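K.L.:
Let me begin by handing over the structure; questions about it come next.
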Amino acid sequence: MNPETKSSGRSLLGVGGLAALACCIGPIMAFLGGLGVLSAIGTFWVPALAALTAVALIAAA
């Protein structure tokens, strides 16, 4: 077997693996970043929701 062919196969496999990683990591990072942003926004809304719950309970009573 030609050593150049074997080396080329590994190189091609590495490039393919890198392309698959680059293809998949972008959407995964975008999803996780979106969750982080939504979590940060949620921390501001939780006290407001707690206040709305208290107001609703007082109004219901």
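K.L.:
Fully extended, how many nm does the chain gain between I28 and L12 (0.36 nm per residue separation, minus their Cα-Cα distance)?
P.N.:
This chain segment gains 3.3 nm when fully extended.
K.L.:
Still on this structure: Counting only heavy atoms of the protein chains, get the accessible area per residue of region 7-61 (1.4 Å probe) and round it to a whole Å² value.
P.N.:
Accessible area per residue, region 7-61: 82 Å².
The values are calculated or read from the model by the stated rules, or taken from the named source; none is laboratory data. Given the structure is predicted, the values throughout are model-derived calculations rather than measurements. Protein only, heavy atoms only, side chains kept; ligands, DNA and RNA dropped before computing areas. Shrake-Rupley method; radii C 1.70, N 1.55, O 1.52, S 1.80 Å.
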